[in-house]
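Since the structure comes first, as structure tokens, the remarks are kept for the end.
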Amino acid sequence: MTEQISVEIVHSGLNAEAEPLAAQLAEEQVASKLTAQDPTLWGPEAEPESAIRLSWTTLHETSRPLVAEILALRAELHAEGVDRVVLAGMGGSSLAPEVICATAGVALVVLDTTDPGQVADALAGDLTRTVLVVSSKSGGTVETDSHRRIFAKAFAANGIEAARRIVVVTDPGSPFQQLSADEGYRKVFLADPHVGGRYSALTAFGLVPAGLAGADIGGLLDEAAAAATVLSQDSADNPALRLAAAFGAAHARGAEKVVITSADSASGAGLAGFGDWAEQLVAESTGKNGTGLLPVAVESPDAAGFADAGEDATTVGIAPGTPNAQLTTSGPLGGLFLLWEYATAVAGRVLGINPFDQPDVEAAKKAARALLDAPTSAPATPSFVDGAVEVHAAGDWLPAEAATVADAVRALVAALPKHGYLSVQAYLDRLDDASAVVLRPVLAVVTGVQTTFGWGPRFLHSTGQYHKGGHQNGAFLQLTGVNEQDLEVPDRPYTLSVLQLAQALGDGSVLAGHGRPVLRLHLTDRAAGLAQVVKAVQEVGE
């Protein structure tokens with residue numbers, strides 16, 4: 001029997017606040033209307049968008065035919081000795097498959113980066129055993145298009161017919177579908193076009209790469225189907241209504257951050273990566289119109305920002321009995337996907353926003369494209385240089401006398417408003433530069449404010465919407481670095497390192513345009529620079 005999904009609001013005060021709101025949502029029949037794909041739930045302004053974004057409520061049924069198709073292709077590939085799956089996808093196209101595969105314990109190489117070193121590592125694997133899954137609703141996502149071009153060239157260079165090793169997931173009628181037909185790619189899976197990327201875990205975008213990698217995708221749909229029965233009920237005990245009510249009630253009194261740990265203990269056991277998936281869902285759905293819920297994915301229940309969360313945050317565990325959690329959600333992965341999707345959509349109604357658009361995501365993309373279209377050979381002039389770190393700061397928030405990395409970090413922290421947040425954005429290699437993640441908990445301790453960490457440009461398809469559209473109380477620490485190697489993007493006038501830096505500079509300029517402080521630390525030696533930055537941050541806390 002499939003484990004049931006549930007939500008337990010452990011904090012008695014939060015429970016008391018949430019109960020009447022959950023009862024109201026049940027009385028308004030929000031759950032059944034959402035299941036019936038009623039586009040009027042979020043008001044007339046949101047109706048045109050919501051009318052074409054609600055098919056995710058029935059994916060546990062409509063995605064069933066995909067399972068046999070995916071498993072048949074997997075069998076074909078294995079018969080040819082192809083058993084290594086590389087996924088090129090951003091945002092919802094990569095976060096869900098990564099969680100599914102990690103939970104199932106099967107290997108999946110995820111490319112959601114423009115770092116040439118990380119892409120080179122993926123290329124260095126055994127290409128004779130590799131299939132590339134390219135996931136993009138339109139095909140125009142610059143990162144994913146770059147990966148496709150680079151791998152196609154590498155396959156050909158190794159005497160492998162590229163078209164036989166590329167599998168595509170896209171929307172029907174998209175330019176990518178036509179390109180795939182023109183190129184003769186092995187297989188094109190068409191996803192439901194009435195599902196937005198962050199709600200697409202149970203569409204072809206989630207199921208194809210996970211199924212080819214060996215995850216039990218049929219079981220995942222079974223879990224979601226069992227949850228759907230509960231989530232459609234207009235009852236104050238409906239877990240999704242309770243979760244949405246808790247978020248809404250907490251936000252109403254100023255708890256605008258949602259701190260999530262998917263580890264069920266300090267050991268780190270649990271649903272690896274679920275917090276990152278939920279981060280995109282919540283941030284991109286709610287962070288707009290100057291409001292929203294800022295998700296903060298942390299390492300464990302004992303992590304800084306979770307164990308010591310302040311009044312501006314609600315702590316959530318993705319397992320029953322999670323220490324230090326004010327509320328917990330529990331259940332199998334397929335059920336949890338649907339629970340959080342329902343709860344996030346309902347939270348949008350409570351907050352008075354449209355949970356299905358992302359009006360500010362395009363701003364950073366446009367700024368990056370402008371830099372690529374009008375490149376300059378002159379590097380940006382740093383405010384000053386300290387050892388292996390160039391310090392760049394736009395605006396007047398950095399004191400003229402600042403001369404060290406510690407000075408700059410101290411000034412960035414001083415520029416934070418009360419109950420603001422700090423966002424660390426690492427445009428680096430998340431494998432080779434993995435030590436950068438230590439900056440999140442260290443900065444959280446040093447600053448006493450909620451601190452997020454995102455790998456760039458991955459977070460641009462996730463929390464990037466909240467940074468520009470949500471509560472405007474953030475400060476931003478960008479990390480960029482010299483690339484020892486670079487990769488050409490075939491038939492494009494830029495390399496990956498040029499694209500990577502353009503994405504950092506483009507997003508930084510948009511954030512600065514919103515009046516937010518942005519500090520960019522450019523590492524002229526990545527290993528030495530990272531060590532220096534960590535030491536400087538610790539110095540700030542002394």
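The values are calculated or read from the model by the stated rules, or taken from the named source; none is laboratory data. Predicted model only: the values in this text are computed from it and were never measured. FYI the Cβ positions are ideal-geometry reconstructions off the backbone, even for glycines, and counts take in every protein chain you see. What goes into the accessible areas is simple: the full protein's heavy atoms, side chains included, and nothing from ligands, DNA or RNA. Shrake-Rupley method; radii C 1.70, N 1.55, O 1.52, S 1.80 Å.
Details
- Against the numbered list (1) open to solvent by 10 Å² or more (accessible area, probe 1.4 Å); (2) of a type outside the set (A, V, I, L, M); (3) part of a loop (DSSP other than H, G, I, E, B), residue 113 comes up short only at (1).
- Among the strands (runs of 3 or more DSSP E) confined to the stretch 277-391, the ones with at least 3 residues that are open to solvent by 10 Å² or more (accessible area, probe 1.4 Å) and within 24 Å of residue 476 (Cβ to Cβ) are located at 384-386.
- When residue 204 is tested against (1) open to solvent by less than 50 Å² (accessible area, probe 1.4 Å); (2) out of contact with any Leu (no Cβ under 7 Å at 6 or more places or on another chain); (3) under 23 Å from residue 54 (Cα atoms), just one condition goes unmet, and that condition is (2).
- There is no residue in the stretch 474-487 that is surrounded by 17 or more Cβ atoms within 10 Å (Cβ to Cβ) and in a helix (DSSP H, G or I).
- Scanning the stretch 439-448 finds one or more residues that are outside any loop (DSSP other than H, G, I, E, B), among the basic types (Lys, Arg) and open to solvent by less than 10 Å² (accessible area, probe 1.4 Å).
- Residue within the stretch 414-428 that is surrounded by fewer than 18 Cβ atoms within 10 Å (Cβ to Cβ) and assigned to a helix (DSSP H, G or I) present: yes
- For the stretch 232-255, the set of residues classified as among the charged types (D, E, K, R) and part of a helix (DSSP H, G or I) consists of 242 only.
- Filtered residues of the stretch 138-182 (kept if of a type in the set (S, T, N, Q) and buried (at least 21 other Cβ atoms within 10 Å of the Cβ)): 141, 144, 146, 170, 180
- For residue 508: the one exception among (1) outside any helix (DSSP H, G or I); (2) more than 20 Å from residue 280 (Cβ to Cβ): (1)
- Of all residues in the stretch 255-276, those that are out of contact with any His (no Cβ under 7 Å at 6 or more places or on another chain) and open to solvent by less than 40 Å² (accessible area, probe 1.4 Å) total 13.
- Failed condition for residue 403, given (1) in a helix (DSSP H, G or I); (2) free of Cβ contacts under 8 Å to residues at least 60 places away in the same chain; (3) out of contact with any helix residue (DSSP H, G or I) (no Cβ under 9 Å at 6 or more places or on another chain): (1)
- Evaluation of residue 427 against the conditions (1) farther than 15 Å from residue 526 by Cα; (2) touching a residue at least 60 places away in the same chain (Cβ under 8 Å) shows that the sole unmet condition is (1).
- Flag for residue 240 being of a type outside the set (Asp, Glu), open to solvent by less than 30 Å² (accessible area, probe 1.4 Å), without any contact (Cβ under 8 Å) to a residue 60 or more places away in the chain and farther than 19 Å from residue 109 by Cβ: no
- Subset of the stretch 488-505 [of a type outside the set (Lys, Arg) and in a loop (DSSP other than H, G, I, E, B)]: 489, 490, 491, 493, 494
- For the stretch 239-268, the set of residues classified as farther than 19 Å from residue 335 by Cα and modelled with pLDDT under 95 consists of 265, 266, 267, 268, listed by residue number.
- Residue 187 meets each of the listed conditions (1) open to solvent by 50 Å² or more (accessible area, probe 1.4 Å); (2) more than 19 Å from residue 217 (Cβ to Cβ); (3) at pLDDT 95 or above apart from (2).
- Hits in the stretch 295-350 - residues which are within 29 Å of residue 229 (Cα to Cα) and in contact with a His (Cβ under 6 Å, 6 or more places away or on another chain): 326
- Positions within the stretch 184-200 being touching a strand residue (DSSP E or B) at 6+ places or on another chain (Cβ under 8 Å) and either assigned to a loop (DSSP other than H, G, I, E, B) or in contact (Cβ under 8 Å) with a residue 60 or more places away in the chain (or both), in sequence order: 185, 186, 187, 189, 191
So that you can scan it fast, the table gives a plain yes or no per residue for (1) outside any helix (DSSP H, G or I); (2) among the β-branched types (Val, Ile, Thr); (3) closer than 20 Å to residue 128 by Cβ:
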residue	(1), (2), (3)
154	no, no, yes
159	yes, no, yes
163	no, no, yes
169	yes, yes, no
202	yes, no, no
208	no, yes, no
221	no, no, no
227	no, no, no
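- Counting only helices (runs of 4 or more DSSP H) that sit completely within the stretch 1-103, those holding 3 or more residues that are open to solvent by less than 50 Å² (accessible area, probe 1.4 Å) and touching a strand residue (DSSP E or B) at 6+ places or on another chain (Cβ under 9 Å) correspond to 12-27, 64-79.
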